[in-house]
Amino acid sequence: MRAALCVAAIAIVLNLAACGKPLGTYKIRDIRVVPGSAFKIVEPDADADPEMLHIEFASKTDMHEAAGNADLYVFTSFCPFQDKSPISVSEPYFNDRPNFDPVTSKYRRPMKDASGEYVYTTYLRLQGSASLNRGDGRLSSTGYDLRRQRADLCLRIEHPEYSITPSQSRIFVVPAALLQRALMDPPAAAHA
């Protein structure tokens, strides 16, 4: 009987450990096309296209606090959000800089701006030939081209390691009109 109670207690603890917590609510602040070199500043080892879509978003949520040192991802799809077939899976960056500091060998913390919000960025390719299907791990055959497709983009931040209750943010949207305006502007200069 005692062994059965121990097994039940362990099962409950393991189930609770598989429950994720909410990762907050976010709003789009700015989007623009930037040279791939801007992305290489933030992620030096990444494979950048000649031009990338830079998306800046903000929240009262401290991602580092909400997820600890866990890996977080920004899943992007055309709206409505397509959970099983995102067009892009990227990382959120704190204040548009690498999250890991190679000098101190520590993870950086996001900083609040003058409005009291944390500022994050992510980068998307302007076009792609396939995307990862999270459901079965196979590549989807549908490509995309943001310059040709006139649709809202839906984004959601996720910590994919929770199996029972997902650890994710609310979906936030880049309106198609805002996206098209950004795509028509010449690429912004890379920042230092």
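Each reported figure results from applying straightforward, stated rules to the coordinates on display, with no laboratory input. Since we're looking at a predicted model, the values are computed, not measured. Glycine gets a Cβ as well: all are built from the backbone with ideal geometry, and neighbour counts include every protein chain shown.
Numbers at a glance
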| item | result |
| --- | --- |
| Pairwise FRET efficiency - E56 versus K21, Cβ, R0 = 22 Å, nearest 0.05 | 0.35 |
| Charge dipole (debye, nearest 20) of the range 22-184; +1 at Cβ of Lys and Arg, -1 at Cβ of Asp and Glu | 420 |
| Order of I87, I31 - criterion: other Cβ atoms within 10 Å of each residue's Cβ, fewest first | I31, I87 |
| Directionally averaged shadow of the range 22-184, computed from the convex hull of its alpha-carbon atoms, nm² | 9.9 |
